[in-house]
Amino acid sequence: MRPTVLTGVTHDMKVMVEETFGPVMPVMSYSDVDDAVRLANDTRFGLSAAVIAGTHEEAEAIGARLNVGAVSVMDTTLTNAILRDAEKTAFNCSGLGGSRIGKAALLRFMRKKAIVTNNAYPTDIKDLAEDVVPSRSF
């Protein structure tokens, strides 16, 4: 599939407010950085973003304001290409829950179980009433 650059895009178009997977780059004008951040955050999604600015510092400051799980600074593909060890969680309605990269990715597929053992006498049924707080020590 060939990359596509869309110009003349407005915030009313789905390509700007839905998750578009594929080599698509919508280009939309904005009045200032605050407007750009407002428009970028005006979506129910938040998987990842890319910020290219005049300096790295400026791009990082803008990226910190975006409601997304990962930000590529001064590049468009870092979150896909080299972000294998950075744990992240997609924001809003994006993604499948916890991180799919890094050590935390393994924990997504694990089920946690608590096994609690009483080494004393069994709890008396009267101590289980909602208005009674048992006072025992083990």
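A few comments on the model shown:
- Neighbour counting of Cβ atoms within 10 Å sorts the residues 62, 52, 125, fewest neighbours leading, into 125, 52, 62.
- Ordering 4, 55, 43 by the number of other Cβ atoms within 10 Å of each residue's own Cβ, fewest first, gives 55, 4, 43.
- Remark on residue 25: its backbone amide H falls under 5 Å from those of 4, 5, 6, a criterion applied only to residues 5 or more positions apart or on other chains, H modelled at 1.01 Å from N.
- Integer Hz, Karplus 6.51/-1.76/1.60 couplings in order for the range 58-68, x for Gly and Pro: 5, 5, 5, 5, 5, x, 5, 8, 8, 8, 9
Where a number appears in this text, it was derived from the coordinates with a stated rule and is not lab data. Because the structure is a prediction, the values reported are computed rather than measured. We place every Cβ from the backbone using ideal geometry, glycine too, and count neighbours over all the protein chains shown.
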